1. Starting from segment 161-172, keep only residues that are of a type outside the set (A, V, I, L, M, F, W, C), then list their pairs with residues that are at pLDDT 95 or above and part of a loop (DSSP other than H, G, I, E, B) whose Cβ atoms are within a distance under 6 Å, requiring at least 6 positions of separation or different chains.
2. Given the conditions (1) in a helix (DSSP H, G or I); (2) under 17 Å from GLU246 (Cβ atoms); (3) within 16 Å of the ligand (Cβ to nearest atom), which single one is not true for ALA38?
3. Give me the pairs: first residue in segment 96-120 and within 25 Å of LYS266 (Cβ to Cβ), second residue more than 12 Å from the ligand (Cβ to nearest atom) and acidic (Asp, Glu), beta-carbon distance under 7 Å, and six or more apart or on different chains, which are they?
4. Could you pull out every one of the helices (runs of 4 or more DSSP H) wholly within segment 54-160 that has 2 or more residues that are more than 16 Å from the ligand (Cβ to nearest atom) and either at positive phi or not hydroxyl-bearing (Ser, Thr, Tyr) (or both)?
5. Which of the residues belonging to segment 173-189 are crowded, with 17+ Cβ neighbours inside 10 Å and either within 16 Å of the ligand (Cβ to nearest atom) or without any contact (Cβ under 8 Å) to a residue 12 or more places away in the chain (or both)?
6. Restricting the search to segment 45-68, which residues are polar (S, T, N, Q) and at pLDDT 95 or above?
7. Go through segment 54-91 and report how many residues are within 14 Å of ILE17 (Cα to Cα) and in contact (Cβ under 8 Å) with a residue 40 or more places away in the chain.
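The values are calculated or read from the model by the stated rules, or taken from the named source; none is laboratory data. Since the model is a prediction, treat every value here as computed from it, not as a measurement. Ideal geometry is used to build each Cβ from the backbone, glycine not excepted, and the neighbour counts take in all protein chains shown.
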Amino acid sequence: MQPDAATPANGPAQTPITIGVLALQGAFIEHITLLQRAAATVTSKHPGTPLSFIEVRTPSELASCTGLILPGGESTAISLIAERCGLLEPLREFVKVQRRPVWGTCAGLILLAESANKSKATGQELIGGLDVRVQRNYFGRQVESFEAGLRLKFLEGQEPFHSVFIRAPVVEKVLGVGGEGVEEGEGTVVAPARRAQKAEVEIMGRLPGRAKALRDQTTTAEDLGEDGDIVAVRQGNVFGAAFHPELTGDERIHAWWMEEVIKAAKAA
Ligand code: GLN
């Protein structure tokens, strides 16, 4: 029998994976750079899976993505530009209906929350997808930016992840699945079209007491016998981190997340 023309000699072709980074505002280039660097690790574990990385500015670019990163920046600006580019509804569709894998960092986490406190009175829109309420700018102003070593659930047994927090949000409340318990109020925005999803919110990382983190970048919340602030969460295919892993040059989270995207694509 003749081999299938589409089947290379070394086995069946793997589904190509396209990772998009929303490129409307903020630190999108840094994410692309770190994805490219992490690609070697991912390819060594998934040989034959073609990986490509694109900047996303249009609905058709979004439609070509297997998974998407929403970068840090300014969540109000990103949501306003997304609306003007006709991307806001396609983004909600991508995250909450198609449930393709998505990862938000800092402003990206805010956009993925079902509810956000301390929001601008006008103009802030959320994509939603994570049943949490975040508080914007929880750790203070730009000049109060800081760095801390974090223990993350998926990097267990490894060195703490050196994390950069810049006007970062915190996850102040985990809501019931489907946004249950969400409350509207002054300065609180809520994402529209909530749909119940089966997955629960998992806490993936907590920040040790902040004052201590400033002095000692390796102490963890557990070491201090305290819970610590929630700074990384996951619910099904939606992952959010309050900090900026793309600014440190440490590619471990990008490599881990890309493998999660590959797993989700294979399962779909
Ligand atoms: N404070 C910003 C916001 O509310 C987020 C900051 C960041 O992404 N570094 O959108």
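1. SER163/PHE243; PRO169/ALA242
2. Failing condition for ALA38: (3).
3. These pairs meet every condition: PRO101/GLU260.
4. On the way: elements: 59-63, 75-84, 88-92, 107-112.
In segment 54-160, 59-63, 88-92 are the helices (runs of 4 or more DSSP H) which contain 2 or more residues that are more than 16 Å from the ligand (Cβ to nearest atom) and either at positive phi or not hydroxyl-bearing (Ser, Thr, Tyr) (or both).
5. Once the filter is applied, which keeps residues that are crowded, with 17+ Cβ neighbours inside 10 Å and either within 16 Å of the ligand (Cβ to nearest atom) or without any contact (Cβ under 8 Å) to a residue 12 or more places away in the chain (or both), segment 173-189 yields only VAL189.
6. As a first pass, look at segment 45-68 and keep what is polar (S, T, N, Q): 49, 52, 58, 60, 64, 66.
Hits for segment 45-68 are SER52, THR58, SER60, SER64, THR66.
7. The number of residues fulfilling the criteria is 8.
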